[in-house]
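Encoded as C-alpha cells, the structure appears first; notes follow it.
Each reported figure results from applying straightforward, stated rules to the coordinates on display, with no laboratory input. Here the structure is a predicted model, which means the values were calculated and not measured. Positions of Cβ are generated from backbone atoms using ideal geometry, with glycine treated the same way; all protein chains shown enter the neighbour counts.
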Amino acid sequence: MPDEPRPQIPMDTQTQTQPQTQIPSQAQILSRPTTSTAASGGSPAPASPASAVWLTRLLVVGLVLAALNLRPAITSLGALLEEVRDGLHMSGTVAGVLTSVPPLCFAVFGFTAPRLARRYGPGAIVCAGMVAITAGLLIRPFVGGTAAFLAASAFALMGIAVSNVLMPVIVKRYFPDRVGTMTGLYSMALALGTAVAAAATVPMTEALGGSWRTGLGIWAVLAAVAVLPWLGLARDRGAVSPSGAVAAASVPGLRLGRSRTAWALACFFGLQAAGAYIAMGWMPQVFRDAGVPAGTAGLLLAVTMVMGVPLAFVIPGLAARMKNQGPIVVGLGVCGLTAYSGLYFAPAEGAWVWVVLLGISNCSFPLALTMIGMRSRSGAGVVRLSAFAQSTGYLISIPGPLLVGVLYQHTGGWGLPIALMGGFLVPQMVAGVIAGRDRTIEDEARMRD
C-alpha cells in the first residue's frame, strides 16, 4: 500500500539523520498575528488556549479525514473495473490508460502545490483538493462516455495530488514535536481508506441495487465530509508556509540530474509505484478471471493494502538503523517475485498467500521515502532529492499499468502481463541496491568537483 504523494519529506528519517531547520512550535504558530492584524499594523494577538485546543482538534480530524480520501478514487475503481469497462464499452487498452492516470496526475499536478500554497495557504489548497475529490467522484459515474469519465477521474486525482504534497508539510509545521505520531496517524488513515474502498465497494454496490455507477459515486459522501473541517482551516493563510520548497531552491552545487544515487532513487521509486498502481488497478480482475467472486477479489486487494499499515512503521525504523538498505530492498523484491510466480501458476488456489506476499513487497514505498531522507546531509537537500525522485519516479511509473492493459487486451489472458509485473521487480531491486548504498548526493557532488 503503497502508499502514497510528491514531493514529500520523510519526516522521521530526516529527524534522525539530518540537521534540522529551526521550526516554530505549535504554540508559536498559533500565537502569530493574523493577516488582517499584520496588514493594519496592529500588535500581535495571541490565540487563546481555547482557540489553540480547538484548532489542534480540528487539524487532527481534518488530517485523518483527508488521508482517508486519498486512495478510494483509485481502489474503488479497481474493484469495479470490469463493470465500468462493460458499461462504457471500454477496451483493455483504454482501461490500461485509465489505470495510468493516477501517477500522471500526481506527477503533473503535484508540481503546482507548493506555489499555490505560498499564495493561498496550504489549508485553503487542501480544502480545494477535498472539494475537487468530491466533485470528481460525484460526477464521473454519471457521465456519458469514456473521455468524460477520464476527465472527471483526473479532476478528483488533481485534488488528491495537491493534498498528497501539502499534508506532510502541515504535519511538520503544526506538530513539530509530534511529527512521528501524526505522520503515523496520517499514514494509517491513508492505508485504511485504501483497504476499505477495495473491500467494501462491491458489497455496497450490491446493497445499493447493483449499479456500478452508484457503487463508485457513494465515495463522494466520504469526501464531502472531509471538506467540513478544512473550511475552518482554510481561513488561516499565514500560519503555515511550505518553507521546504523555498529552502530547496537555495542549495548550491547539487545537480541531481548528474547524480547516480538520485537517478537510482527515482528509478526505484518509479518502479515500485508502477507495481502499486498495477496492483490497485488490475489485481481484482486477475482474480475474477481466475474464477474468484467479485466480492472476494476486492477483499483480496484490501488484504494487500492493509499489509502496509503495520509495515509502514517497522520498515523505516529498521532501514534508518542500517547503513546500507540493499538487503531490505532484496527481501521485499523476493516476496514480490514469489507472489507473481504464484499468481502465474495458481492464482485462485493460493490467492491469500500471494496477496500477503504482494502486500509486503509493496512496502517498498515507505522504504523509498526513508532512503530519500538518508541520502542527503541537509534538510534542503532532502527536499530537492524528494522532489526529483518522486516527480521523475511517477513519470517512470506511467507506462506500467498501460502496458499491462495492452498485453491483457491482445493476449486474452494474464500469463504475459503477470510475467511483466514480475519482470519490473528485477530492475527495481538493482536500482534499490544502488540507492541503498551509504553515500549522499553531496558526497557525489564533491567527487565530481
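How long is the gain from TRP54 to THR411 if the chain were fully straight, where each residue apart is worth 0.36 nm and the alpha carbon distance is subtracted? Mind dumping the intermediate values first?
On the way: separation 357, 0.36 × 357 = 128.52 nm, distance 5.75 nm.
Computed gain between TRP54 and THR411 is 122.8 nm.
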Self-check item: Paramagnetic reach from ASP289 in the range 385-416 [backbone N under 19 Å; point 7 Å along Cα→Cβ]
Solution: 399-416
Quiz item: What is the log10 of I(q)/I(0) for the range 258-307, computed with the Debye formula using one identical point scatterer on each Cα and no solvent, at q = 0.16, 0.20, 0.24, 0.31 Å⁻¹?
Solution: -0.54, -0.68, -0.83, -1.07
Self-check item: the range 254-292 residues near the modelled LEU420 label - backbone nitrogen below 13 Å, point 7 Å along Cα→Cβ
Solution: 275, 278-279, 282
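Considering all projection directions equally, how large on average is the shadow of the alpha-carbon convex hull of the range 386-428, in square nanometres? Please list the in-between numbers first.
Working: hull surface 12.3 nm².
About 3.1 nm², averaged over all directions.
How large is the translational diffusion coefficient of the range 89-168 in µm² per second when you combine the Kirkwood radius over alpha carbon pairs with Stokes-Einstein at 20 °C and 1.002 mPa s?
Numbers: Rh = 13.0 Å.
Stokes-Einstein gives a translational diffusion coefficient of 165 µm²/s.
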Exercise. Consider a paramagnetic label point 7 Å from the Cα of PHE345 along Cα→Cβ; state which residues of the range 397-426 have an amide N under 17 Å from it.
Key: 415-416, 418-420, 422-423
Quiz prompt | Packing-based ranking, highest mean first, of 318-325, 283-290, 298-305 given that Cβ atoms within 10 Å are counted | solution = 298-305, 283-290, 318-325
Self-check item: Quarter of Cα convex hull surface for the range 248-385, i.e. mean projection, nm²
Solution: 9.2 nm²
Quiz item: Using Cα-only point scatterers and the Debye equation, what is log10 of I(q)/I(0) for the range 305-436 at each q in 0.21 Å⁻¹, rounded to two decimals?
Solution: -1.31
